[in-house]
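Asks: Questions regarding the structure given below will be posed in turn.
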Amino acid sequence: MKLRYAAWLRESLGRESEDIALPAEVENVGMLLDWLPTRDPRLAHAFEYIDVVLVSVNREHAHRDHPVHDDDEVILAPPIAGG
């Protein structure tokens with residue numbers, strides 16, 4: 001799976017994207033969001049406010065019950081305020 005991070009997630013993690021091997025038990029976006037922070041302390045810190053992050057799977061907006069697969073591209077994009 002290709003994970004892409006935007007805005008403050010990218011800054012917190014120090015990377016724009018990464019390729020991961022999706023565990024068999026991770027079947028949907030919600031499970032992915034629950035699993036990712038267990039991989040690395042930086043992810044746990046960055047995902048502290050994950051409930052406000054917008055998720056897309058293969059460039060389509062996705063809710064927590066949306067299925068995910070190894071060949072998917074998932075983008076995690078926090079809302080951005082401007083003025």
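Asks: Please count how many residues of region 56-83 are over 17 Å from GLU16 (Cβ atoms), modelled with pLDDT of 95 or more and among the hydrophobic types (A, V, I, L, M, F, W, C).
Replies: Total satisfying the criteria: 3.
Asks: Can you go through LEU9, LEU36, LEU43 and tell me which one is surrounded by 13 or more Cβ atoms within 10 Å (Cβ to Cβ), in contact with a Phe, Trp or Tyr (Cβ under 7 Å, 6 or more places away or on another chain) and modelled with pLDDT under 95?
Replies: Numbers: LEU9 fails: in contact with a Phe, Trp or Tyr (Cβ under 7 Å, 6 or more places away or on another chain); LEU43 fails: in contact with a Phe, Trp or Tyr (Cβ under 7 Å, 6 or more places away or on another chain).
After applying the criteria, what remains is LEU36.
Asks: If you check VAL53, VAL29, which single one turns out to be modelled with pLDDT of 90 or more, of a type in the set (A, V, I, L, M) and surrounded by 16 or more Cβ atoms within 10 Å (Cβ to Cβ)?
Replies: Values: VAL53 fails: modelled with pLDDT of 90 or more.
Checking each option against the conditions leaves just VAL29.
Asks: Please verify whether region 67-76 includes one or more residues that are out of contact with any helix residue (DSSP H, G or I) (no Cβ under 6 Å at 6 or more places or on another chain) and without any contact (Cβ under 8 Å) to a residue 24 or more places away in the chain.
Replies: Taking region 67-76 first, the residues out of contact with any helix residue (DSSP H, G or I) (no Cβ under 6 Å at 6 or more places or on another chain) are 67, 69-75.
The next check asks that each one be without any contact (Cβ under 8 Å) to a residue 24 or more places away in the chain; those that pass are none.
The answer is no; no qualifying residue exists.
Asks: Among the residues of region 17-26 satisfying the criterion of being out of contact with any helix residue (DSSP H, G or I) (no Cβ under 9 Å at 6 or more places or on another chain) and not in a loop (DSSP other than H, G, I, E, B), which is surrounded by the fewest Cβ atoms within 10 Å (Cβ to Cβ)? Give the steps one after another, and end with the answer.
Replies: Taking region 17-26 first, the residues out of contact with any helix residue (DSSP H, G or I) (no Cβ under 9 Å at 6 or more places or on another chain) are 18-19, 21, 24.
Checking the rest, the ones that are also not in a loop (DSSP other than H, G, I, E, B) come to 18-19.
On the way: GLU18: 11, ASP19: 8.
Filtering first and then ranking leaves ASP19.
The values are calculated or read from the model by the stated rules, or taken from the named source; none is laboratory data. These numbers come from a predicted model, not from an experiment. We place every Cβ from the backbone using ideal geometry, glycine too, and count neighbours over all the protein chains shown.
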